[in-house]
Amino acid sequence: MGKIKLVFTGGTIMSTIENNIINTSDKCKYTLIEKSGYNLSNFNISVPLNKLSENFILDDIMVLFNELKSSQEDDVDGIIVLHGTDTLAYTSSYISILMQKCKKKIVFVSSNYPLSDDRANGIANFTTAIKIIKEKKFVPAVYVAYKNFNEDFVAIYLASRLLEPAPYSDCYYSPDGFRYAKYKNSNFEFENTNINRSKKNFKLCGNFNKKCLYIMPYTGLDYDTLKNVDFDYVVHGLYHSGTANSNKDNYKYSVLNFIEFCNSKNKPIYFCNINKKESYYESYYNIANKCNNFLFEILPNVAMAKINIAYNLINEKDRELFIHSNISGEFLR
């Protein structure tokens, strides 16, 4: 096979356990290759970052993006990004949108435990990623290969359709029916391979200087406490049925109160985690009467990445087109 580029960023897959403390170790990249049955000569290796993924900031996303962008011209068959599990759904979302029309397949790989632990899925994820790069049926895009402990296959997801794990879980999923493929019994089974991507290639320029306020609703959220926060724009998630508190009584708990505040300060607010459907709850219409910035059919973690990119790296004249264009298959329908 041709060479594959390995981009190591840290995380559990590059960690060891010493005195019951898990932390990154540079020697683990060789452990991964040895345990997978391949040789070092099969790979080009880059280590632009080496940290636990929970410590990532947006500057690190840019470091990784620039590494992957320059790697598109490398003489390799594809690229594997070794990353931690904690923020996998965030980093891969950013990269899937930033890379837009990548020329090579990029596959994110992580491990739920250090590789010294027999429960670790890192080797299975890694060897599947290699097979993805070799398999011609996979188009150039950003993928995630991940085996859940309760499944007998490695799932392959579009990075722009990767849900965050549920609390107390290290299992990853896509929304129902949107898994790209799975690798089982030495074969790929393709499921939802439709990727409708915009034909426009948006120019990226700048850095992450503007501030996003990311809000997920919960019972008792007091919006008055957020009015002194320094932010430039808002990404506001909704409950699973596309709702949030819009009661006009106890107004400090109502999202309508916060929309009015944002409008008065010229701070855009975008709502996500809502499906297109025939009927909505009253709260949706209450919100829509004050704000029509809804991002339908997109996951909250992906919506936040997209809005952050739009307000920091996209020219203002192209911003709304970028936000509402399907850049990497992030719009589910």
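Quick note: the coordinates plus some simple rules give every number you see, no bench work behind them. Since the structure is predicted, the reported quantities are computational estimates derived from the model, not experimental observations. Positions of Cβ are backbone-derived with ideal geometry, glycine not excepted, and every protein chain shown enters the neighbour counts.
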Can you list the HN-Hα couplings for segment 285-299, worked out from phi with the Karplus curve (6.51, -1.76, 1.60; θ = phi - 60°), rounded to whole Hz and with x for Gly and Pro?
5, 4, 5, 4, 5, 10, 7, 10, 8, 10, 9, 7, 6, 9, 6
The ³J(HN,Hα) series, computed from each phi in segment 240-249 with the Karplus coefficients 6.51, -1.76 and 1.60 at θ = phi - 60°, rounded to the nearest Hz and given as x for glycine or proline, is 4, 9, x, 10, 7, 4, 10, 5, 7, 8
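Please pull out the direction-averaged projected area of segment 119-258, using the convex hull of its alpha-carbon atoms, in nm² to one decimal place.
Mean projected area of the Cα convex hull: 12.5 nm².
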Assign unit charges at the C-beta atoms only (+1 for Lys and Arg, -1 for Asp and Glu), then state the dipole size of segment 212-324 relative to its Cα centre in Debye, rounded to the nearest 20.
80
Treating only Lys and Arg (+1) and Asp and Glu (-1) as charged, each at its beta carbon, one finds that segment 33-81 has a dipole about its Cα centre, in Debye to the nearest 20, of 160
Amide H proximity to L115 below 5 Å, modelled H, separation 5+ or other chain, gives S15
Taking the Cα centre of the chain as origin, work out the dipole magnitude from +1 charges on Lys and Arg Cβ and -1 charges on Asp and Glu Cβ, in debye rounded to 20.
1100
Inverting the mean 1/r over all pairs of different Cα atoms, compute the Kirkwood radius of segment 129-204 and quote it in Å.
13.6
Filtered GluC sites (Glu not before Pro), segment 255-312: DSSP coil and at most 11 other beta carbons within 10 Å:
E278
What list of ³J(HN,Hα) couplings, whole Hz, do you get for segment 307-316 from phi and the Karplus terms 6.51, -1.76, 1.60, once you set θ to phi - 60° and write x for glycine and proline?
5, 4, 5, 4, 8, 10, 10, 10, 4, 4
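What pairs from K203/K277; K3/K134; K199/K317; K134/K199; K210/K265; K136/K276 go past 22 Å between their alpha carbons?
K203/K277; K134/K199; K136/K276
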So for the chain, taking the charge dipole from beta-carbon charges (+1 Lys/Arg, -1 Asp/Glu), which of V139, N312, L32 sits furthest toward the positive end?
V139
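Calculate how many DSSP beta bridges within segment 4-190 are antiparallel, expressed in % of all such bridges and rounded to the nearest 5. Kindly include the intermediate steps, with their values, before the conclusion.
Numbers: 15 of 33 bridges.
If I count the DSSP bridges inside segment 4-190, around 45 percent turn out antiparallel.
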Beta carbons within 10 angstrom, averaged per residue: use that to sort the peptides 18-28, 188-198, highest first.
188-198, 18-28
